[in-house]
Amino acid sequence: MCLQKNLGISYELKLPLILIHTPFGLKFFDKIANSKFGKIYAKFNIYLMPLITALAVFLIVGSLLVIFSNDSAREGVREIGPQGNLLIPGLNPILPWTYGWIGLVVTIIIHEAGHGIVARVYNTKVESTGVVLFLVIPIGAFVNIQQDELNRTSFKQKSAILTAGPMNNMILAGICFGLLFLLVSSLSPISNSSPDEPGITVLTVGENSLAQSIGLEKDSIITFINNEPIEDVVELRNILRDNLGTSIQIKWLTEDKREQIQSVNLPASLPENKGVLGVTLADTFFDPVLVLDRYKNLFLTNPLAILMPPTLGQSAIPYSDVMSSQYSSSIFGPAFPIIGNLLFWIWFINFNVGIFNALPITMLDGGQWYGTLLENKIKTKSKIKPFTILSIIFIIIVILAFSLPWVLA
């Protein structure tokens, strides 16, 4: 229902959603589409949807395996809560309000611009651009391409149009990832001194865990077990397992540096893959040289580990609130923590939106892509189409990925 038109802007109610249609960006789409770059980019997108989908499947299956086999990982997910799966700042506890909204708005604009530009390359009409509000909260954006217009294109043209959104997100994520590496490479520790205390960081504490029962909290630093200094996660795990069925003394520092000492009776035995304390831990990260070297190496050896948000890995990330005061930047100066966090969240949100939209699920870009492909390749008189089955399978996989930590609790 169109409620108002003013200067080309119209408002449409589909409660609880409000769709705001605007003409903004349409001339820009035409300008880029008519350029040589626009035409090359359109062709570049044609065959790339399966690659993005393959990456998405790899990550989802990998996360399912980790959650299924690792009790500490499940505890960490349960502590964040189911809202941790939503890329909405304010609802997701790991998404900072300012950086999160900037990253989300940039992601949405880049995604929809990809669709709009490539659609115009193939002379497919884009009627409007717009913003989707949930009540008054912006949750998305769109380019309004009529389905009839899209269906008149060839499969290759439709493929390029549908792939352009996720591909734009992946490209921007890659750019921000590279700039983040440049920023981290520009950092120098202000002090090369080693930490005065040994210790490993408690990243998460599971509900009803042994750690919770003695008062261990997130961001605590375990320093001593039975008066022996602890500097390595593997060392701590070995000590705990060697002392099952006995009483040990644990010393730790709270987040505000208060020293705590508690004696705890360890269980006599544990199920396979279950931790003793019920926590997730990180090796000693207080030496700024060590933090910087480890984080820089991740870019080259395990890039997906960079998906660890600064809000969860404060002591392991050089531009986090906890560690940023230990460094100076030869390129970005004192503003490097702000720039680093901004680059991280734009990369993080674009990457996740890009791979999620490539899944073969109805209403997603990947869903439309694979639906068209299967309709062209598989002719059937059955009321249940092959794509419907594929879409249901992936919906179940996504639901399982979100719910498994609680199912296995």
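The values are calculated or read from the model by the stated rules, or taken from the named source; none is laboratory data. This structure is a prediction, so every number in the text was calculated from the model and none was measured. Reconstructed Cβ throughout: ideal geometry from the backbone, glycine too, with neighbour counts over all protein chains shown.
The lone criterion from (1) surrounded by fewer than 16 Cβ atoms within 10 Å (Cβ to Cβ); (2) part of a helix (DSSP H, G or I); (3) touching a strand residue (DSSP E or B) at 6+ places or on another chain (Cβ under 7 Å) left unmet by SER328 is number (2).
With respect to the stated conditions, THR301 fails to be surrounded by fewer than 18 Cβ atoms within 10 Å (Cβ to Cβ), of a type outside the set (D, E, K, R) and in the same structural domain as LEU390 (by TED's automatic domain parsing).
Considering only residues that are small (Gly, Ala, Ser) and not in a loop (DSSP other than H, G, I, E, B), look in the stretch 331-368 and name the one that is nearest to ILE190 (Cα to Cα). The qualifying residue nearest to ILE190 (Cα to Cα) is GLY333. Taken over the stretch 355-399, the criterion of being acidic (Asp, Glu) and more than 22 Å from ASN168 (Cβ to Cβ) is satisfied by GLU375 alone. Looking across the stretch 11-25, the residues that are under 30 Å from the mean Cα position of the chain (by Cα) and either assigned to a strand (DSSP E or B) or surrounded by 15 or more Cβ atoms within 10 Å (Cβ to Cβ) (or both) come down to LYS14, LEU17, ILE18, LEU19, ILE20, HIS21, THR22, GLY25.
Scanning the stretch 356-388 for residues that are closer than 17 Å to GLY140 by Cβ and either surrounded by 14 or more Cβ atoms within 10 Å (Cβ to Cβ) or in contact (Cβ under 8 Å) with a residue 60 or more places away in the chain (or both) yields PHE356, ASN357, ALA358, LEU359, ILE361, THR362, LEU364, ASP365, GLY366, GLY367, GLN368. Reported count of residues in the stretch 83-100, each being more than 14 Å from the chain's Cα centre (by Cα) and assigned to a helix (DSSP H, G or I), is 2.
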